[in-house]
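Reviewing the structure listed below.
The values are calculated or read from the model by the stated rules, or taken from the named source; none is laboratory data. Nothing here was measured: the structure is a model prediction, and the numbers come from that model. Every residue, glycine as well, gets a Cβ built from its backbone with ideal geometry; the counts of neighbours run over all protein chains shown. For the accessible areas, the whole protein counts, side chains as well, though only heavy atoms, and no ligand, DNA or RNA atoms are used. Shrake-Rupley method; radii C 1.70, N 1.55, O 1.52, S 1.80 Å.
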Amino acid sequence: MRLEYFQLIDRIVELRLDDRTISTEATVPTTSTIFEGHFPGYPLMPGVLLVETMAQTSGWLVVAANRFERMPFLAAVKDAKFRTFVTPGMVLAVTATLLHEGSGYAVTKASISTKGKPICDAVLTLRVMPFPNEEMSQQMRAQADRIGFPSEVPAHG
Amino acid sequence: MSSTFETIANIIAETCDIPRDSITPESHAINDLGIDSLDFLDIAFAIDKAFGIKLPLEQWTQEVNDGKATTDQYFVLKNLSARIDELVAAKGA
């Protein structure tokens with residue numbers, strides 16, 4: 001995880017379009033300026049960044065389902081529950097399931113756990129639209145390569 | 001038709017916290033009920049699930065933007081009900 005750059009996913013563990021599921025992994029950094037404020041003397045991963053981690057994992061699933069031709073943007077978060085604290089150095093297992101692919105939107109259910117212990121979960125709605133520009137498309141493809149987006153899903157058109 | 005309208009009226013009432021009595025077949029989802037595009041995603045999700053269809057929201061939006069259709073055709077609830085009935089019929093054909 002590079003919290004300051006919002007690069008929250010370290011690698012894709014498994015992506016199964018037939019099951020409409022994805023698993024990713026992310027290790028919370030041991031140091032970050034974010035922990036200087038959240039909280040002094042008691043560093044905790046902010047809940048909003050856990051939501052973003054679930055959104056990014058969901059997003060890669062939606063990107064794959066759309067064969068890298070469309071980009072998901074977080075639109076709504078429902079039923080978000082944070083069950084335990086997340087501290088520096090923790091290894092997070094993130095999963096998402098595509099509940100529905102609508103016209104111009106998708107709905108996922110995502111969750112995070114560590115060592116089998118549930119951390120948080122939520123239902124996310126994402127708007128799905130064409131990439132706003134070529135630069136963003138290229139950046140997303142570079143990110144995909146970085147986190148091991150599977151080659152059998154056509155990441156390069 | 002009437003059951004389709006009842007279903008979507010109930011969905012709208014529950015999703016957007018709008019009094020069910022104020023939702024009629026003549027209501028325009030946007031102009032009369034004040035439903036915005038984000039709330040309409042929730043409604044579309046519920047409609048898609050309830051009827052086993054995929055509302056072609058992007059196509060409708062494009063047609064409106066291109067001047068080929070009016071919002072009345074898709075967002076007045078009696079018309080929306082008719083579009084849903086068409087999609088359900090097409091699915092079963």
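Of A:Leu49, A:Leu17, the order by accessible heavy-atom surface (1.4 Å probe, DNA, RNA and ligands excluded), from most exposed downward, is A:Leu17, A:Leu49. Note: relative contact order over the range A:56-108, using C-alpha pairs below 8 Å and six or more positions apart, is 38 percent.
Taking the Cα centre of the range B:4-45 as reference, the dipole from Cβ charges on Lys and Arg (+1) and Asp and Glu (-1) amounts to some 60 debye. Largest to smallest in accessible area, the residues B:Tyr74, A:Tyr42 fall in the order A:Tyr42, B:Tyr74 (1.4 Å probe, all protein chains included).
Between the listed residues B:Gly92, B:Ile47, B:Leu57, the Cα displaced farthest toward the positive end of the dipole of chain B, a dipole computed from Cβ unit charges relative to the Cα centre, is found at B:Gly92.
Counting only other chain Cβ atoms within 10 Å of each residue's Cβ, the peptide B:50-61 averages 2. Applying a threshold of 20 Å to the alpha-carbon distances of A:Lys78/A:Lys115; A:Lys81/B:Lys49; A:Lys78/B:Lys78; A:Lys81/A:Lys117 flags A:Lys78/A:Lys115; A:Lys81/B:Lys49; A:Lys78/B:Lys78 as lying beyond it. Averaging the sequence gap over all C-alpha pairs within less than 8 Å and six or more residues apart, then dividing by the number of residues, gives the range B:2-92 a relative contact order of 34 percent. Here the accessible area of the range A:16-97 is 55 percent carbon and sulfur, with a 1.4 angstrom probe and all protein chains present. How much accessible surface area, in Å² rounded to 10, belongs to the heavy atoms of A:Lys117 with a 1.4 Å probe? Answer for A:Lys117: close to 110 Å² accessible.
The residue among A:Gly116, A:Gly89, A:Ala106 whose Cα reaches farthest toward the positive pole of the charge dipole of chain A, with charges on the beta-carbon of Lys, Arg, Asp and Glu, is A:Gly116. Per residue of peptide A:94-105, the mean number of Cβ atoms on other chains within 10 Å of the residue Cβ is 4.
What the Cβ-Cβ distance of A:Thr33 and A:Gln143 gives, at R0 = 25 Å and to the nearest 0.05, is a FRET efficiency of 0.70.
What you get for the protein assembly as shown, charging only the Cβ of Lys and Arg (+1) and of Asp and Glu (-1), is a dipole of about 820 debye around the Cα centre. Charging the Cβ of each Asp and Glu at -1 and of each Lys and Arg at +1, and nothing else, the dipole of the range B:2-92 about its Cα centre rounds to 340 debye. When the residues A:Ser113, B:Ser37 are ordered by accessible surface, computed with a 1.4 Å probe over the protein chains alone, the sequence from largest down reads B:Ser37, A:Ser113. The range B:31-57 and the range A:53-116 have Cα centres separated by 22 Å.
Using every pair of distinct Cα positions in the protein assembly as shown, the Kirkwood expression returns a hydrodynamic radius of 19.9 angstrom. Compared with the dominant Cα axis of chain A, that is its longest principal axis, helix A:134-146 is turned about 60°.
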